[in-house]
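Asker: Below you will find the structure I want to go over with you.
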Amino acid sequence: MINKEAKNKTQQAISKLNKAQQEAVRQINGPILILAGAGSGKTTTITTRLAYLLKVVGIPAANTLTLTFTNKAALEMRERALNMIEDNTYPPLLCTFHKFGLLFLKFNIHLLQRKNNFVVIDTDDKKKIIKKLNNELPTALIASEISKYKNSLLSPDQVYKQAEFYNYQVIAKVYEEYENYLLNNNLVDFDDLLAITYKILDNNEELAIKTSQKYQYIMIDEYQDTNELQLKLIQKLCLTHNNICVVGDDDQSIYGWRGAHIRNILEFDQDFKESKIIKLQENYRSKHPIIEAANSLIQHNRSRLGKKLISTRGRGDEITILYSDNENEETKKITQIIAKLIDSGTKPKNIAVLYRVNALSRALEDGLNRSNISYRLVGGLKFYDRAEIKDIISYLRLTTNMHDDFSFKRVVNKPKRGIGKATLDKLELAALQNGISIFGYIDQTDNKTLESIVKAKNTKTLKQFIDDIKDARRASQQSIYQFIDYVEDKFHLKEIYSNLPDGQDKILNLDEFFGMFREYVKEYPQTTLDEFLNDIALQSDQDEIEGDSIYIMSIHAAKGLEFDHVFTIGLEEGFLPLLGDGNDLEEERRLGYVAFTRARDTLTLSHSQSRFYKGRRSELLKSRFLNEAGLCKGSLIIEKNQMFKKGDLVRHKIFGAGRILSISASGRETKLKINFSGNHRDILASFVEKL
């Protein structure tokens, strides 16, 4: 029996919604895509729709399933929905994709002749297992590849057959051994929760039908972030019906680098026939100038369904554009504005500084520390706490103090030199017995004696390492400025990270450190290495300032958050948008859109004439996004929704300039045949720009 009080409460909640939200709530049958713009009341719409299904339509809670991506989102939705539903004796299943997989496997993993008392391992456990199986390739690389294979439903055998290069054949072998280890120890990893769930449903049609009949009404949040496997799983759950309601924003799809497929939301109507699209375009978060700029920016993307946000909060302050000569001046200007905001009564927690590239946080952190402005870094480590920065600092410390055992142990095998823990333990014990440092023991001990403790190969490697550190020390005494070049060239630290999934970010952090070192030496030409190390130690080890803190974070970490005052730094070509191999300009533009729409009242966008780039100070062009957002004039202009015609000159980032020979359709995209200096190539239109 439907609870009248809960029904009335739900009806009252619906009456407070706008017209599009009400339509989304009441449309219950068939496939529905709720295209929810930033700040458009998405969560309110989802939770009200769930309450409507249960308390107005009368759908049993057990026949509904609502899936989200984070536990935080699931908890918030559950609380808001249950507040309307009230009678929660049999609450609806509202959880993350992976929690659903866990519950499913507890009941069904026996179909694979496995016990249901399996243990789910976390990422650290996964890496420890992989490290035991292979010491040849970076553990993070292998873990990332295995995750990709599982989300693509590829078996170790399939991976091995596809592997063209030796390293990937090695990874395929490790994948096979890793899977056997999990099976033998009744373990599952995070990816298995969905991959095994799908395999069971795919191999058991009767169970798939039964499961689909159980969950008659399905809702998916943040649909733009779903990957290939999640789409396949959703389709299995919809095997006997088409009552699927997905909520998302194609303009906020920013996780392509970790497997999300924007095509899932763009082609929803192809995956689920006769679907209906409802657009939530009223923005309840940001003032009009912010929304106007966000709309102008994002309409330059071609791969989007199309919507236009409308601010409900009226006019506000115009967007501020800050121009600085360099990152230090930029930080000084921003900290001054933040200090004034705080002095005028703004709570620090309502202020955020965002950036596309994590390396930009270094100058920002230093400036905030100098200005005594407390900050919290969200979703990452403070600059000087990052592993790659600790590594380079340890190299410098060892150079200035060769008897620093802590630094020696940290870097002696970075990059890998075949010096494992067992070898280090033996050396440390021998050094202790002789009353000297590990460095001193290796330096003073003859090869024959060393070989009685460690292998001959390791002896040669260690002696070479000692000589390299001595050479570095001499280099620092001869020219402190050129010394950092010597360290960079001699120890090849960047090679450690070149094959890692987040390696490019780490390399940019190292470049930022090298550049900062050079700038420091220019400012203090008489400095010593000791003085430099002491200065950054003061920067990184400052006591936490009491009181509230502002937030600093990457744009990725800011998604889903909002602040009264937002500063976005690094609006330059090469930083936002981040250009180079593997970077999608449209996804970069979506990142800009996400950054803009985090702001409620004021938005400040900052660009500098120069920054450290790849370890050197470089002159930069302001971001094309400032121009595209209608905020300033610039030389880089991309036409809105540009149409191509035969004979147009275009530029491709790899093949250069060319002329269009013919145009044809390719799914939702346009395919161009282009003449690049006599070479004719077929290229999708979204990968070229008009000249």
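The values are calculated or read from the model by the stated rules, or taken from the named source; none is laboratory data. Here the structure is a predicted model, which means the values were calculated and not measured. So basically every Cβ, Gly included, is an ideal-geometry build from the backbone, and we count neighbours across all protein chains shown. SASA here: full protein model, heavy atoms, side chains in, ligands and nucleic acids out. Shrake-Rupley method; radii C 1.70, N 1.55, O 1.52, S 1.80 Å.
Asker: Return one quarter of the surface area of the convex hull spanned by the alpha-carbon atoms of the stretch 142-274, equal to its mean projected area, in nm². Provide the component values of the computation, followed by the final result.
Answerer: On the way: hull surface 37.3 nm².
Projected over every direction and averaged, the Cα hull of the stretch 142-274 covers 9.3 nm².
Asker: How would the stretch 163-218 be classified by its alpha-carbon gyration tensor: rounded, prolate or oblate, with rounded meaning a/c under 1.5 and the a/b versus b/c comparison settling the rest?
Answerer: Working: a/c = 3.26, a/b = 2.30, b/c = 1.41.
Cα axes put the stretch 163-218 in the prolate bin.
Asker: Which peptide among 618-629, 217-228, 115-126 comes first, and what is the full order, when sorted by highest mean count of other Cβ atoms within 10 Å?
Answerer: Numbers: 618-629: 20.8, 217-228: 23.0, 115-126: 12.6.
Per-residue Cβ counts within 10 Å, averaged per peptide and sorted highest first, yield 217-228, 618-629, 115-126.
Asker: Looking at the square roots a ≥ b ≥ c of the eigenvalues of the Cα gyration tensor of the stretch 417-463, which shape do they give, rounded for a/c under 1.5, prolate if a/b is larger than b/c, or oblate?
Answerer: Values: a/c = 1.70, a/b = 1.26, b/c = 1.35.
Oblate, since a/c reaches 1.5 and b/c is not below a/b.
Asker: Among 397-404, 337-344, what's the highest-first ranking by average C-beta atoms within 10 angstrom per residue? Intermediate values should be presented prior to the final figure.
Answerer: Details: 397-404: 18.9, 337-344: 14.1.
Top of the packing list down: 397-404, 337-344.
Asker: A follow-up question, please. 222 nm [θ] for the chain, helices only, -39500 (n - 2.57) per DSSP H run of 4+, per residue, to 500?
Answerer: Numbers: 30 runs with 325 residues, N = 691.
Taking each H run of at least 4 residues, the total per residue is -14000 deg cm²/dmol.
Asker: What full-extension length gain, to one decimal in nm, is calculated for residue 72 and residue 477 as 0.36 nm per residue of separation minus the Cα-Cα distance?
Answerer: Numbers: separation 405, 0.36 × 405 = 145.80 nm, distance 5.32 nm.
Fully extending the segment from residue 72 to residue 477 adds 140.5 nm.
Asker: Over the stretch 420-576, give the accessible area per residue in Å² for a 1.4 Å probe, as an integer. Working shown, then result.
Answerer: On the way: 7710 Å² over 157 residues.
With the other protein chains kept in place, the stretch 420-576 gives 49 Å² per residue.
Asker: Ignoring ligands, DNA and RNA, what accessible area per residue does the stretch 308-393 give at 1.4 Å, in Å²?
Answerer: Numbers: 3840 Å² over 86 residues.
In whole numbers, the stretch 308-393 has 45 Å² accessible per residue.
Asker: Also, quick follow-up: Rounded to whole Å and sorted largest first, what semi-axes of the equivalent ellipsoid does the C-alpha gyration tensor of the stretch 260-363 yield via the square root of 5 times each eigenvalue? Could the numbers behind the result be given before it?
Answerer: Values: eigenvalues 253, 73, 33 Å².
That gives 36, 19, 13 Å for the three semi-axes.
Asker: Along Cα→Cβ, 7 Å out, is where each label goes; now give me the distance between the ones at residue 152 and residue 659 in nm to one decimal.
Answerer: A separation of 3.9 nm, rounded to one decimal place.
Asker: Could you tell me what a quarter of the Cα convex hull surface of the stretch 408-499 works out to, in nm² with one decimal place? It would help to have the intermediate numbers written out before the result.
Answerer: On the way: hull surface 26.2 nm².
Averaged projected hull area, Cα only: 6.6 nm².
Asker: Also: In Å², what does the accessible area per residue of the stretch 144-235 work out to with a 1.4 Å probe?
Answerer: On the way: 4260 Å² over 92 residues.
Averaged over the residues of the stretch 144-235, the accessible area is 46 Å².
Asker: Of the cross-linked pairs 307/333; 19/646; 7/199; 132/236; 131/390, which ones have a Cα-Cα span greater than 32 Å in the structure shown?
Answerer: Values: 307/333 35 Å; 19/646 44 Å; 7/199 40 Å; 132/236 36 Å; 131/390 22 Å.
As for pairs spanning more than 32 Å Cα to Cα, those are 307/333; 19/646; 7/199; 132/236.
Asker: Another one. Which value, in nm² and rounded to one decimal, describes the direction-averaged projected area of the C-alpha convex hull of the stretch 465-541?
Answerer: Details: hull surface 23.2 nm².
That works out to 5.8 nm², a quarter of the Cα hull's surface.
Asker: What angle do you read, to the nearest 10 degrees and between 0 and 90, between the alpha-carbon axis of helix 361-370 and the longest principal axis of the chain?
Answerer: Computed tilt is about 80 degrees.
Asker: Output needed: percent of Cα pairs per 5 Å distance bin for the stretch 342-493, bins running from 0 to the one holding the longest distance.
Answerer: 1, 8, 15, 16, 14, 11, 9, 7, 7, 5, 3, 2, 1, 0, 0
Asker: So I have [x] 36.1; [y] 34.3; [z] 29.8, and one of them is mean projected area of the Cα convex hull in nm² calculated from this model. Which one is it?
Answerer: Answer by label: [x].
Asker: For the chain, what % of the accessible area comes from carbon and sulfur atoms, probe 1.4 Å? Could the numbers behind the result be given before it?
Answerer: On the way: 15620 of 32480 Å².
Summing carbon and sulfur atoms, their accessible area is 48 percent of the total for the chain.
Asker: Rg to Rh ratio, the stretch 452-601, alpha-carbon atoms and Kirkwood radius? It would help to have the intermediate numbers written out before the result.
Answerer: Working: Rg = 21.0 Å, Rh = 19.5 Å.
Answer for the stretch 452-601: 1.08.
Asker: Can you give me the distance in nm between label points at residue 621 and residue 680, each placed 7 Å from the Cα along the Cα-to-Cβ direction?
Answerer: Inter-label distance under the simple model: 3.2 nm.
Asker: Could you give the radius of gyration (one decimal) and Dmax (whole number) of the Cα atoms in the stretch 255-312, in Å?
Answerer: 13.9, 38
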